[in-house]
Each structure stands twice: as structure tokens, then as C-alpha cells.
1. Report whether or not B:Val138 is crowded, with 20+ Cβ neighbours inside 10 Å, out of contact with any His (no Cβ under 6 Å at 6 or more places or on another chain) and closer than 20 Å to B:Asp62 by Cβ.
2. Would you check which residues across segment A:1-60 are more than 7 Å from chain B (Cβ to nearest Cβ), in a loop (DSSP other than H, G, I, E, B) and of a type in the set (D, E, K, R) and list them?
3. Taking into account only those residues within segment B:167-177 that are within 9 Å of another protein chain (Cβ to nearest Cβ) and of a type outside the set (Asp, Glu), which is surrounded by the fewest Cβ atoms within 10 Å (Cβ to Cβ)?
4. Could you tell me how many of the residues in segment A:98-122 are at negative phi and touching a residue at least 40 places away in the same chain (Cβ under 8 Å)?
5. I'd like to know if segment A:201-223 contains one or more residues that are within 13 Å of another protein chain (Cβ to nearest Cβ), within 17 Å of the chain's Cα centre (by Cα) and surrounded by fewer than 20 Cβ atoms within 10 Å (Cβ to Cβ).
6. Take segment B:135-158 and flag every residue that is in a loop (DSSP other than H, G, I, E, B) and either at pLDDT 95 or above or over 19 Å from B:Val97 (Cα atoms) (or both).
7. Of the conditions (1) assigned to a loop (DSSP other than H, G, I, E, B); (2) surrounded by 15 or more Cβ atoms within 10 Å (Cβ to Cβ); (3) aliphatic (A, V, I, L, M), B:Ala71 satisfies every one except a single condition; which number is it?
8. Among the residues of segment B:42-64, what is the count of those that are on the phi > 0 side of the Ramachandran plot and either surrounded by fewer than 17 Cβ atoms within 10 Å (Cβ to Cβ) or in a strand (DSSP E or B) (or both)?
Amino acid sequence: MSFSYDPYDDRTQLARYIDRYPLSFKRTPLEPLVPRPLTLSERTGPVAADLFTLGPMDLSKTSADAPRATGQLIQISGRVTDEDGSPLAGAAIEIWQANSAGKYIHDADRHNAPVDPNFTGEGRLMTDAEGNFQFFSIKPGAYPVLESGWWWRPPHIHFSILGRSWMDRFVTQIFFPGEPLNETDLLLNAVSDRDVRERLIFQFEGTSMGEVNAMGFRRDFVLRGRRQTPEVD
Amino acid sequence: MIVSPYCTIGPFFPASFVEGHDDLTRYRGGTARGQHIVLSGRILQEGGVPTRNTILEIWQPDANGIFSSCAGADPGFAGWGRARTDADGWYRIRTIVPGSYGDRCPHANLMILAIGLTRRLVTTVFFADDPDSARDPVLDCVKDATARRRLFAARENAGEYRFDLILRGENETPFFLD
């Protein structure tokens, strides 16, 4: 099966230049991006299952019998498809996020919020045959972007997806519904279209009660790529 | 269906997602065939200022021009890798000189993910002794001769290639429409 990849339609994406986000003006190329043909090299990509050790499906525990991290337990689920709606099986999903106090496990995080020793902060998993994924975590906290002097990031989870090729490699951040900081976030508001904005926000899926008590959230992802129409002579 | 919106990778991509992926020459207990090299360089923003904590990903064929996801590929070569720039903007990847195949000149695909970039930037680094005589369907899309030469890695010493990525401004690296 061969796939075609159209360039991203800018209307479905965030703006490249964002006011009050200075690095967008220092790192975005001045020259127009160069159109090119897509050869085998761009249409292939690594087989994720060969590359990675797939980590915990539960970021809220450092091991199966360890205590839960502090905060609201959440269950995240979703499905990864291409533009035809066909599932991407075996796609690797890398997740990372702040803990419930808004602190990342990273040497670049200078926010003076506490680290939670029970929270992994990151995980890798793989989509099943239907493109579905799910994991448990703790609802991330908000945190200040210290160098900005004013900007607080709303709660969000980072996703990095390795799909079927170099062309559908995908990285994003997904936000939580109803958060007051969503209204002022520079990134979430770098979209002109209401529908695009909604694609950056989890849908609340209700609560579960029983062995695990968690709030459920869902986000489906559509990666670039369509089945190529056979050429007719 | 409408494609999902990209968003910036931000400053906090976990170190554990990078560790071990900057050496493509050792893979699943094997060692890659071909000429082992270090590909390194700086990733600079406007004004030649280094970008720290930038993520670079690479995808290239093996020494025979075969991609790791295709039949007959070198089992000791990863094909894909990832590195992070240090405080001076340097990245460093151990790989092999990619083989040519079909109409493609030896090359590696590169991707940049960084704060300030809402989407990834993609380009291709080429390996050739004489850049001006190299022919390649992707390279040939860059019409300006000076810009075109910026897509070639410079051989510095035996086994060492240098390739800087200048995101914006003077000597800007050509990036491809994505």
C-alpha cells in the first residue's frame, strides 16, 4: 500500500508567528519553504516497535505496587487514524507532562514547585490493531513561563507520535476543557479557527467507578496520509 | 478527515526519550556496516545565536541505500535517531555515510523540533565530494547555487562531517515545504 502526503493546509494548523512569543520570530525561516517531490526516503520511516522499549501505561505509579502520585487520577484514551480514517496500528506514542503541582522532570524546568517522587512524568505506548491507545495519569498542574513575566501555561499533555513514515511524524499538546488559563494561552490561541482549537482540547468522557476511580478524557488524532489513488493510463 | 494541529515540542522533552538514540551504528546487538562517522553541527537562530535544547531527528538508508523498514536492510543499523543540542547549540550523531540508490544522491532526512516552532522544520543533508555536480530530485528543487551548497555536509577530518542548521537569517538553511 502506498500513501500520498499533501502539504499541511495552514488553516488546520497554528500560526507560525505568535505575538508575545519572541522565539517564533527568531526561528521561523525567512525564505519560503521549498516544494519537493516525495520519494521512497520521505515516504518510509522507522518501525516503532523495533526502536523503543514501551514504558508504563500508568504514569501515576513508578511500579505496579507503588503508591499513586498526588493529584487527580485521569484515564486518557483515543485513536490514531490517517486522513482516510484508516487506523494506524503500531504507532508509537510518547507522552510527557507536568505533575499535579505544575513541575516537569527536566533540567530546564526552573519553576519552584515540588517534584513528586511517585510520578513518572513520561511514558511510551503503542496503538493496537484498531489504532486505539489508553493510559492512566495525573491531571497536570498549570505553571508559569518564568522568562515571559506574565504567561501561565494551562494544564496540558504533550504527545509525540511516530506513525508509518517520515511524513506523518507528529508532535502536539492537548489541553483540558473548561480551564480558565485556556483563554490566555499563547499556543492554544494561535489558531484562527474554532474547530482547529477544539482539536487541541480533550473531550471529557465522564467518570469511572470501581477498582479504579478516574476521570476520563479522550482525544483522537488524524495524521497526514491518504491511500494513493492508482494511476490510470 | 482533517489532520490534527501540530504544536511546539516545548522545553521539557524528556531526556530519556533521547538517550541512546544518538548512535545509529549500534542496533539490537549488531554493528552497522559501512563507514562510521560523526555528524555534528550547530543549530542557530536569527543572528547566529545558538539554540539549546533543540531536538533533531534523522532518517536515512544504510550503507547499501536500503531503509531499515525495507527488506534486505542492514540489521545492525538503526536508520532513525534523535539528538538534543547543548548550551552552545551543538548536536552530535554517530551514523554511517548513507548509500545511494536509484536517482537519490547519498542523503539523510533531518527534522527540527524546538521552542518557538509551532511545527517541525524538515530538510535533507547530502554527502558528496563535489556538490556542484551532484544530481538529486530533492536537491534540484533548491535552485539558488549558494543555498544548494548549504545542504551538503562538510568533511572535516576522517570520519567527521559537519552540518550546521541556520533556522533564520544570513546563510539560512533551505527547508522543505511540509
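The values are calculated or read from the model by the stated rules, or taken from the named source; none is laboratory data. Bear in mind the structure is a predicted one, so any value in this text is a computation, not a measurement. Here Cβ is always computed from backbone atoms with ideal geometry, including for glycine, and neighbour counts include all displayed protein chains.
1. On the way: crowded, with 20+ Cβ neighbours inside 10 Å: yes; out of contact with any His (no Cβ under 6 Å at 6 or more places or on another chain): yes; closer than 20 Å to B:Asp62 by Cβ: yes.
Judged against the criteria, B:Val138 is a match.
2. A:Asp6, A:Asp9, A:Asp19, A:Arg20
3. Of all residues in segment B:167-177, those within 9 Å of another protein chain (Cβ to nearest Cβ) come to B:167-169, B:172-177.
Going one step further and asking which of them are of a type outside the set (Asp, Glu), we end up with B:167-169, B:173-177.
Numbers: B:Leu167: 25, B:Arg168: 20, B:Gly169: 16, B:Thr173: 22, B:Pro174: 21, B:Phe175: 22, B:Phe176: 19, B:Leu177: 12.
In this case the residue turns out to be B:Leu177.
4. Restricting attention to segment A:98-122, the residues satisfying the condition of being at negative phi are A:98-101, A:103-120, A:122.
Now narrow it down to the ones that are touching a residue at least 40 places away in the same chain (Cβ under 8 Å): A:98-101, A:103, A:116-120, A:122.
Count: 11.
5. Scanning segment A:201-223, I find at least one residue that is within 13 Å of another protein chain (Cβ to nearest Cβ), within 17 Å of the chain's Cα centre (by Cα) and surrounded by fewer than 20 Cβ atoms within 10 Å (Cβ to Cβ), so the answer is yes.
6. At the first step, the residues of segment B:135-158 found to be in a loop (DSSP other than H, G, I, E, B) are B:135-138, B:142-144, B:150-151, B:153, B:158.
Within segment B:135-158, B:Arg135, B:Asp136, B:Pro137, B:Val138, B:Val142, B:Lys143, B:Asp144, B:Arg150, B:Leu151, B:Ala153 meet the criteria.
7. (2)
8. First, the residues of segment B:42-64 that are on the phi > 0 side of the Ramachandran plot: B:47-48, B:53.
After this cut, where a residue has to be either surrounded by fewer than 17 Cβ atoms within 10 Å (Cβ to Cβ) or in a strand (DSSP E or B) (or both) as well, the list is B:47-48.
Number of matching residues: 2.
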